[in-house]
Amino acid sequence: MSQLSTDTARWEYIALIAAITILLSPFMYMLQSGPMKPLPAQQQAQFVGSEKCKDCHETAYSKWKDSDHHKAMAVANDSTMLGDFNEVRFTDPYNHVTSRFYRKDDKFFVETEGPDGKLGEFEITYTFGVYPLQQYLVPFPGGRLQCLNIAWNVDKKQWYRLPPYTVLNPSDWLHWTNKGQTWNVMCAECHSTNVTKGYNAQTDEYHTTWSEIDVGCEACHGPGSHHLEWAAKPPLARRQANNFGLVVNTRNMTSDELITLCAPCHSRRFQLGDNTHTNEKLLDLMVPELLNEGLYYPDGQILDEVYVYGSFVQSKMYQRGVRCSDCHDIHSLKLHKEKNALCTQCHRADVYDTKLHHFHKTTFNGKPSEGYLCVKCHMPGRYYMGIDYRPDHSLRIPRPDVSAELGTPNACSAKGCHADKPLSWNIENYTKWYGETRKPHYGSVIAAGRARTPGANTELIHIADDSLLPAIVRATALNLLRIYPDEASRTCLAKALDDPDALIRCTAIRSLEYFDAETRLQRIAPKLYDPVKAVRMEAAIMLSMLPEDRLRKDDRDAFKKGLSEYREAMLYNADLAPQRYNLGNLAVNQKDDASASREYLKAIEIDSMFYPAKVNLAMLYNRQGRNQEAEKLLREVLQQHPEMYEVSYSLGLLLAEMQHYQDAAFYLGKAGAGMHYARAYYNQGQVLLMLNEPEQAEQAFQNALSLAPQSQEIFGALVGLYLNTNQPEKAKILAETILRRNPNHHAAQELLKHLNN
């Protein structure tokens, strides 16, 4: 072989070895670093920031960069501040304080009313939100950031005062310098990513931190360090990683899973701890508010600022599996399509996007009209924060007939529609278009329950038992059943303890406070082992009312664990009055009156208008014989909330105990009328007898008997009054009347025998 041939063969051999080396290099890399295996489970993923996502996910990143999520919060600087800080003055039309907005050394300041009621200078360090308004945050001692109550109207380019407008001095909990406007507790967890609140209940200070100042990629996808590590390797060198190393699997999510991802921020709720962004079970992280009075209208329409979750889960869309992402782009948050095209993604345009369905024109009097838009009828909204319009996401069918019955809003009478017409006109046309048939609406039953209407528990039970209704509606009915402590209600609540939905189980436990000790032990103790944290906590706090030795030995460890979870959640929120109140109640259950008193007083210190703490502290003082202090607290509550009839009842009983019979009779009568409560009228009758006012006492007993006709005790009290005032004929007529309604009424039978003999 020639030298040339030998050299050529050698170089071909070297080239072959090089090619094999190149092909095998990824595998050699893996052999050096160990065999292919999943990422170690003990290495907890860390937050890395949205900027690290940009190179690989440029389209999603650019959409997010222009979204409200990205602009949820920012450091105050020339590029983020939208408000006019060029020596502009604004006079609050409600408290008449003139504030001045100005700049100094490239920083932003406001001169306004401070915590002492005097004008002070405050530096603004962060922006909060971007449209249709922008708020501003001011640092305060103790690590607090306070939300200024004057905001910038982006469209009108002017300053304006935020509601509530009745806050006129710094002592109010909702004053901008007070706890009701503290960013750390009221806002932070939803406007930034990986927020640790860091509240110290002993020092009343915050050390709040975040990994990203705005709502970043990891707020939804979870901490991204494992994914980043996986993506940094050559494709063939990547370890086996479930979901590409991402903590939250957002691919092919069910409706429930996606809504659980959004709910921790887009809901009115009670937070159980810091959001770890791992998409755990919803009630492991928070407990959503029910359709409670003051938050929702009785038919479930939005009233207060409740955000979206509680509305959407009432909708047929949710029940049919529609998800947030079916309407909203998950990264930009913008709608996929405009106007009715959004709805006709699913609904047939030839059926629903026609005048035969909506009966409205696209123009009216030569001008464009929006009456034909689906959202005008099915998503009427309300304004919050003065100028922020938010549609109701319950996507309900307009029911002007329900509005006529309950006084609730309806789309037909909304501003910009037919607000100039009487409701009867709307009902007439609605009936003409859609016919006479109307399905019963749960709003009527919830309204009756809120009003404590006698007999409403029957329909509340039907709602609570109806598995076809939304869980939040059923849970609301269960919550109202606590007002009706009879056997049927107890049976319904006991059944709900085993419902598949955690919110219903949690609410059922909370509504069982009037169960006897043995029933609690049998029914509630098994819930100490529930897979959901909120349910375990409720079981533990309910059982804490019993001596621990009443529990089975096998259940005591689970009880202590549940109680520890409860206490931890309350301490996490110990900067709020309700949670201090709950800690006080726990201390009462554990016979620690000193701690209970301290927690109740702290709740009142946080919010002087938080009446439950005052009521329970009054009860505690009463047990300690400090009746004058108890009376003072109850009178304060009624001065602030005259419609709190339960408090009137408590005050009436306290005054009777103190032998202040005239005032006692007044408050007991007020409670009886407001609560439709037989026992209050019965006690009023007894007090009136002490005042030697038999005619008024007779009326009180009659009122009581009309509400509780089966009561032997009330019947006996009224009969005793008649016999003691020498009116046997009235006693006989009463007995005969009772027996016509209830032939087995034993006391009435015995009375007639006695009178006839």
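The values are calculated or read from the model by the stated rules, or taken from the named source; none is laboratory data. These numbers were taken from a predicted model, which means no experiment stands behind them. Note that we place each Cβ from the backbone using ideal geometry, even for glycine, and neighbour counts take in every protein chain shown.
Observations, loosely collected:
- Scanning the range 592-603 for residues that are part of a helix (DSSP H, G or I), surrounded by fewer than 21 Cβ atoms within 10 Å (Cβ to Cβ) and not hydroxyl-bearing (Ser, Thr, Tyr) turns up ASP593, ALA594, ARG598, LEU601, LYS602.
- Residue that is nearest to HIS745 (Cα to Cα), among those in the range 675-732 that are surrounded by fewer than 16 Cβ atoms within 10 Å (Cβ to Cβ) and of a type in the set (A, V, I, L, M): LEU723
- Unmet requirement for ILE446, which otherwise passes all of (1) more than 24 Å from LYS355 (Cβ to Cβ); (2) not in a helix (DSSP H, G or I): (2)
- Selection of the range 419-445 for residues being within 22 Å of PHE364 (Cβ to Cβ), crowded, with 18+ Cβ neighbours inside 10 Å and either assigned by TED's automatic domain parsing to the domain that holds PRO368 or not polar (S, T, N, Q) (or both) yields only TYR430.
- Only listed residue being surrounded by fewer than 18 Cβ atoms within 10 Å (Cβ to Cβ) and touching a residue at least 60 places away in the same chain (Cβ under 8 Å), chosen from ALA241, ALA232: ALA241
- If you go through the range 610-629 and keep only what is touching a Leu at 6+ places or on another chain (Cβ under 8 Å) and over 25 Å from ASP575 (Cα atoms), you end up with ASN622, ASN627.
- Selected residue [touching a Cys at 6+ places or on another chain (Cβ under 6 Å) and in a helix (DSSP H, G or I)] from ILE504, ILE461: ILE461
- One residue stands out among those in the range 227-244 that are more than 14 Å from ALA45 (Cβ to Cβ) and at pLDDT 85 or above: the one that is farthest from the chain's Cα centre (by Cα), which is PRO234.
- Unique match (being without any contact (Cβ under 8 Å) to a residue 60 or more places away in the chain, buried (at least 17 other Cβ atoms within 10 Å of the Cβ) and of a type in the set (Ser, Thr, Tyr)) among SER267, SER255, SER225, SER211: SER267
- Within the range 390-410, not a single residue is hydroxyl-bearing (Ser, Thr, Tyr), loosely packed, with under 12 Cβ neighbours inside 10 Å and without any contact (Cβ under 8 Å) to a residue 60 or more places away in the chain.
- So VAL287, is it loosely packed, with under 15 Cβ neighbours inside 10 Å, of a type in the set (Val, Ile, Thr), not assigned by TED's automatic domain parsing to the domain that holds GLU565 and not in a loop (DSSP other than H, G, I, E, B): no
- Residue among HIS676, HIS754, HIS745 that is farther than 30 Å from LEU655 by Cα, under 47 Å from the mean Cα position of the chain (by Cα) and of a type outside the set (Ser, Thr, Tyr): HIS745
- Only helices (runs of 4 or more DSSP H) whose full extent lies in the range 295-368 are considered here, and the ones with at least 1 residues that are more than 30 Å from LEU283 (Cα to Cα) and out of contact with any Cys (no Cβ under 6 Å at 6 or more places or on another chain) are 349-352, 355-358.
- Residue list for the range 120-132, filter: part of a strand (DSSP E or B) and of a type outside the set (A, V, I, L, M): GLY120, GLU121, PHE122, GLU123, TYR126, THR127, PHE128
- Subset of the range 536-591 that is surrounded by 22 or more Cβ atoms within 10 Å (Cβ to Cβ) and of a type in the set (Ser, Thr, Tyr) - its residue that is nearest to PHE610 (Cα to Cα): TYR581
- PRO485 being modelled with pLDDT under 95, farther than 30 Å from LYS602 by Cα and not in a helix (DSSP H, G or I): yes
- For the range 474-502, the candidate set comprises residues that are surrounded by fewer than 24 Cβ atoms within 10 Å (Cβ to Cβ) and in contact with a Ser or Thr (Cβ under 6 Å, 6 or more places away or on another chain); within that set, the residue that is farthest from THR519 (Cα to Cα) is ASN479.
- Annotation: of all residues in the range 512-526 being assigned to a helix (DSSP H, G or I) and crowded, with 16+ Cβ neighbours inside 10 Å, the one that is nearest to the chain's Cα centre (by Cα) is ILE524.
- TYR572 being closer than 29 Å to SER467 by Cα, among the aromatic types (Phe, Trp, Tyr) and at pLDDT 95 or above: no
- Once the range 133-177 is narrowed to residues that are in a loop (DSSP other than H, G, I, E, B) and touching a helix residue (DSSP H, G or I) at 6+ places or on another chain (Cβ under 6 Å), the residue that is farthest from VAL97 (Cα to Cα) is TRP173.
- Here the condition is being modelled with pLDDT under 95 and either touching a helix residue (DSSP H, G or I) at 6+ places or on another chain (Cβ under 8 Å) or hydrophobic (A, V, I, L, M, F, W, C) (or both); of LEU291, LEU258, it holds for LEU258 alone.
- Residue count for the range 466-511, restricted to those that are under 17 Å from the mean Cα position of the chain (by Cα) and farther than 18 Å from ALA534 by Cα: 4
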